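Just below is one structure, and these are the notes that go with it.
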Amino acid sequence: MTTTLVSGGGGFIGSHLCERLLADGRDVVCLDNFGSGRPENVAHLRDDDAFTLVRGDVRETAELDLPEADEVYHLASRASPADFVEHALDIAVTNTEGTRKVFDYAVECDARVVYASTSEVYGDPEVHPQPETYNGNVNIRGPRACYDESKRFGETLSVAYGRAHALDVRTARIFNTYGPRMQLNDGRVIPNFVTQALAGGRITVYGDGSQTRSFAYVDDTVSGLRALMDTDGLAGEAVNIGQETETTVRELAEVIIDRIGGGEIVTEPLPEDDPTRRKPDLSKARRLLDWEPTVSLADGLEKSIDSFRERVEGDEADD
């Protein structure tokens with residue numbers, strides 16, 4: 001039986017990943033301190049004998065009673081722009097010292113690792129779409145740097161551990177993922193727009209709304225992560241995981257207003273360092289993983305809106 005550790009397993013993407021791994025017969029160890037994840041995300045998994053929840057911080061991995069794992073998905077980190085100011089130090093240290101501790105644990109277990117990096121490593125890109133060979137355009141002192149730069153350093157650590165310890169680390173550069181279990185106050189564009197529209201209020205678009213994103217439904221992202229882990233011979237590789245359909249922020253707002261039947265677009269100044277275009281080049285994912293996304297934005301939004309509506313109407317308050 002394969003044992004898989006998912007750090008950040010109580011988070012949005014992590015909980016969906018734990019669910020899929022259990023369905024495929026893995027023993028799953030979910031490690032989370034629930035700083036940004038939610039116990040409710042994995043509550044339905046607690047009765048599965050193959051599921052173990054360890055409440056703890058990746059920065060203290062050596063002090064935790066963790067079983068040996070064959071695989072490690074390292075997803076632990078706050079990723080919401082809403083946290084980049086208030087939790088800047090926590091994010092920076094989690095993605096540097098915490099990542100080092102996870103890699104040390106993986107070396108001891110001789111485990112294969114998928115490190116969850118981000119499209120934020122490309123910053124406000126000057127190359128479009130973004131291939132894995134592009135090194136990015138990141139402001140190392142800007143308001144997003146606590147996340148962007150610490151994820152970039154995590155990639156540097158992954159290469160260093162591969163060279164020093166022969167650790168098999170594969171890096172997933174994840175692009176704008178959305179879906180059920182996102183925090184309602186997440187600060188990212190889809191939960192922001194949906195919750196504002198459900199409240200019948202104003203949908204806040206920053207700038208003129210011409211900036212673009214490529215939104216990947218969580219099921220596709222999880223499939224991509226699984227393919228990256230399960231494909232042999234990819235030690236040291238970095239692969240984009242996302243969706244190639246490019247949508248402007250204003251177009252997204254209009255689609256959500258139409259689907260929900262309420263809301264009015266208002267504009268505010270564009271935040272500092274907000275990327276103007278974001279779209280992955282998925283050529284490498286297709287070639288190495290035989291993977292590509294299959295869920296359209298229309299279908300993914302329908303599932304997401306239904307989930308958000310249930311939570312809003314249930315008067316759920318996220319921490």
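Computed from the coordinates by the stated procedures, all read-outs in this text should not be read as laboratory data. Bear in mind the structure is a predicted one, so any value in this text is a computation, not a measurement. With ideal geometry, Cβ positions are generated from the backbone for all residues, glycine too; neighbour counts draw on all protein chains shown.
Would you check which residues across the stretch 159-177 are closer than 15 Å to residue 100 by Cα, touching a Ser or Thr at 6+ places or on another chain (Cβ under 6 Å) and not aliphatic (A, V, I, L, M) and list them? Answer for the stretch 159-177, where residues must be closer than 15 Å to residue 100 by Cα, touching a Ser or Thr at 6+ places or on another chain (Cβ under 6 Å) and not aliphatic (A, V, I, L, M): just 171.
Every listed requirement among (1) among the charged types (D, E, K, R); (2) in contact with a Lys or Arg (Cβ under 9 Å, 6 or more places away or on another chain); (3) over 20 Å from residue 73 (Cβ atoms) is met by residue 303 save one, (2).
Just to be sure before I move on: is residue 120 assigned to a helix (DSSP H, G or I), charged (D, E, K, R) and in contact with a Phe, Trp or Tyr (Cβ under 7 Å, 6 or more places away or on another chain) in the structure I sent?
Considered against the rule, which asks whether it is assigned to a helix (DSSP H, G or I), charged (D, E, K, R) and in contact with a Phe, Trp or Tyr (Cβ under 7 Å, 6 or more places away or on another chain), residue 120 comes out as yes.
Are any of the residues in the stretch 233-244 touching a residue at least 12 places away in the same chain (Cβ under 8 Å) and farther than 25 Å from residue 9 by Cβ? Yes, the stretch 233-244 has at least one match.
Within the stretch 74-116, how many residues turn out to be in a loop (DSSP other than H, G, I, E, B) and crowded, with 20+ Cβ neighbours inside 10 Å?
Summing the residues that are in a loop (DSSP other than H, G, I, E, B) and crowded, with 20+ Cβ neighbours inside 10 Å in the stretch 74-116 gives 7.
Say whether the condition of being over 14 Å from residue 253 (Cβ atoms) and surrounded by 15 or more Cβ atoms within 10 Å (Cβ to Cβ) is met by at least one residue in the stretch 209-216. Yes, the stretch 209-216 contains at least one residue that is over 14 Å from residue 253 (Cβ atoms) and surrounded by 15 or more Cβ atoms within 10 Å (Cβ to Cβ).
Quick check on my filter: what residues within the stretch 1-19 are under 13 Å from residue 79 (Cβ atoms) and either surrounded by fewer than 24 Cβ atoms within 10 Å (Cβ to Cβ) or among the hydrophobic types (A, V, I, L, M, F, W, C) (or both)? The answer is 12, 13.
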